[in-house]
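Below is one structure; the comments refer to it alone.
What follows draws every value from the coordinates through simple rules; no lab data is involved. Since we're looking at a predicted model, the values are computed, not measured. For neighbour counting, all protein chains shown are included, and Cβ atoms are generated from backbone atoms with ideal geometry for every residue, glycine included.
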Amino acid sequence: MDNVDTAAKRLAEMYTEEFGGKPSGRYRISRKLLAELVGRRRLYAEDVTVLTRALLEKNFVLIDMESFFVVMSANAFVNYRRVGKGSRGES
């Protein structure tokens, strides 16, 4: 668990760091590099779940894209359109 907390802290810190030609913001990280960061040879579903929860506590979202993960600020979703009862596709 300690590795997961440390990894979540590092992933959150990376959001504010300059790399990949951008001063800060969302980024992607390979499955292999994320496993190394957590201190595992492989990432299992339960590892990803625990890490996702730890990142949510820090106001970040971890999105599993199968071959890599995306880290975004949870605030990025605040202004998204909301689905109401009339938008559910019912006729």
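Worth pointing out:
- Working note: Debye formula, equal point scatterers on the alpha-carbon atoms of the chain, no solvent; log10 I(q)/I(0) at q = 0.17 Å⁻¹ is -0.73.
- Note on the chain: GNM, Cα springs under 10 Å; of 78, 50, 70, the largest mean-square fluctuation is that of 78.
- Longest segment of the chain lacking GluC sites (Glu not before Pro) that sit in a DSSP loop with at most 10 other Cβ atoms within 10 Å: 19-65
- Calculated mean residue ellipticity, 222 nm, the chain: -11500 deg cm²/dmol, from DSSP H runs (n ≥ 4) at -39500 (n - 2.57) each, averaged per residue and rounded to 500.
- Per-residue ³J(HN,Hα) for region 50-57, Karplus 6.51 cos²θ - 1.76 cosθ + 1.60, θ = phi - 60°, Hz, x for Gly and Pro: 5, 5, 4, 5, 5, 5, 4, 4
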